[in-house]
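**Q** Below are the structure tokens for one structure; questions will follow.
The numbers here are math on the coordinates, done by the rules we state, and not lab data. What you see is a predicted model, and the numbers here were worked out from it, not measured in a lab. Don't worry about glycine lacking a Cβ; one is built from the backbone with ideal geometry, like all the others, and counts go over all protein chains shown.
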Amino acid sequence: MIDYVFGLSVRVLLTDENNKILILKRSTDSKTNPGKWEFPGGKVDQGESFDQALIREVYEETQLKISLEHVIGVSEQNLHLIRAVHIIMSGKIIEGNLTLSNEHEGYAWVFFENLPEYELADWLNDFVNNQKTTKNSEIEDDGNQVTSTVKPWINSIQSSMDKILKR
């Protein structure tokens, strides 16, 4: 018995010259996450690669052309019958002027650490909270199997975030 059907969504973390991140506010009549803030992106259509889907979705939502860089994380969202898996990538704006589609009613450029001040979509809230990891030197290696399995992943995510935020 399958409890959920899994769906794939792709999102992009875009930064400006001040290292602020673009977030979009979904329209209040949206079926999912009405009035909530999220990264640009959306569903992957059947037969479409996830990078093509992300470039398409961002253009449809913002009229921005982007290039993609790295996978920086993943998050999950439980809907009524679908469990959406969100692949989150870093990217750069290569051209265009930000113009929102009717799917969104606002946008903001914010520092990563200020994201919790916004009413985020649950999947993005989970992603942001999972990024609040301790620095590598603060992770104790107690020989525990979970610690030794998770530590390289935490280091990788921290390294990716440092590159994106140019620390």
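**Q** Could you list all residues from the stretch 47-76 that are part of a strand (DSSP E or B) and of a type in the set (Val, Ile, Thr)?
**A** Residues of the stretch 47-76 that are part of a strand (DSSP E or B), as a first pass: 65-76.
The answer is Ile66, Val71, Ile72, Val74.
**Q** Listed residues Glu48, Glu69; which is closer than 26 Å to Pro116 by Cα and acidic (Asp, Glu)?
**A** Details: Glu48 fails: closer than 26 Å to Pro116 by Cα.
Answer to the selection: Glu69.
**Q** Within the stretch 94-120, how many residues turn out to be surrounded by 13 or more Cβ atoms within 10 Å (Cβ to Cβ), among the hydrophobic types (A, V, I, L, M, F, W, C) and assigned to a strand (DSSP E or B)?
**A** Matching residues across the stretch 94-120 total 4.
**Q** Separate question: State yes or no: is Ser90 without any contact (Cβ under 8 Å) to a residue 40 or more places away in the chain, part of a strand (DSSP E or B) and touching a strand residue (DSSP E or B) at 6+ places or on another chain (Cβ under 8 Å)? Don't jump to the end; show me each part of the working.
**A** On the way: without any contact (Cβ under 8 Å) to a residue 40 or more places away in the chain: no; part of a strand (DSSP E or B): yes; touching a strand residue (DSSP E or B) at 6+ places or on another chain (Cβ under 8 Å): yes.
No: the conditions fail for Ser90.
**Q** Which residue out of Thr62, Thr32 is closer than 24 Å to Asn130 by Cα and surrounded by 14 or more Cβ atoms within 10 Å (Cβ to Cβ)?
**A** Working: Thr62 fails: closer than 24 Å to Asn130 by Cα.
Answer to the check: Thr32.
This table checks each residue for (1) among the charged types (D, E, K, R); (2) without any contact (Cβ under 8 Å) to a residue 40 or more places away in the chain; (3) in contact with an Asp or Glu (Cβ under 7 Å, 6 or more places away or on another chain).
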site: Glu48; (1), (2), (3): yes, yes, no
site: Gln52; (1), (2), (3): no, yes, no
site: Arg56; (1), (2), (3): yes, yes, no
site: Lys65; (1), (2), (3): yes, yes, yes
site: Ile72; (1), (2), (3): no, no, no
site: Gln77; (1), (2), (3): no, no, yes
site: Leu81; (1), (2), (3): no, no, no
site: Glu95; (1), (2), (3): yes, yes, no
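**Q** Out of the residues in the stretch 35-46 meeting the condition of being in a loop (DSSP other than H, G, I, E, B) and touching a residue at least 60 places away in the same chain (Cβ under 8 Å), tell me which one is surrounded by the most Cβ atoms within 10 Å (Cβ to Cβ). Quick ask: steps written out before the conclusion?
**A** Initially, the stretch 35-46 is screened for residues in a loop (DSSP other than H, G, I, E, B), giving 35-36, 39-40, 44-46.
Now drop any that are not touching a residue at least 60 places away in the same chain (Cβ under 8 Å), which leaves 35-36, 39.
Working: Gly35: 14, Lys36: 20, Phe39: 25.
Once the filter is applied, the top-ranked residue is Phe39.
**Q** Considering Lys31, Lys25, which residue is in a strand (DSSP E or B) and not aliphatic (A, V, I, L, M)?
**A** Working: Lys31 fails: in a strand (DSSP E or B).
Lys25 is the lone residue from the list that is in a strand (DSSP E or B) and not aliphatic (A, V, I, L, M).
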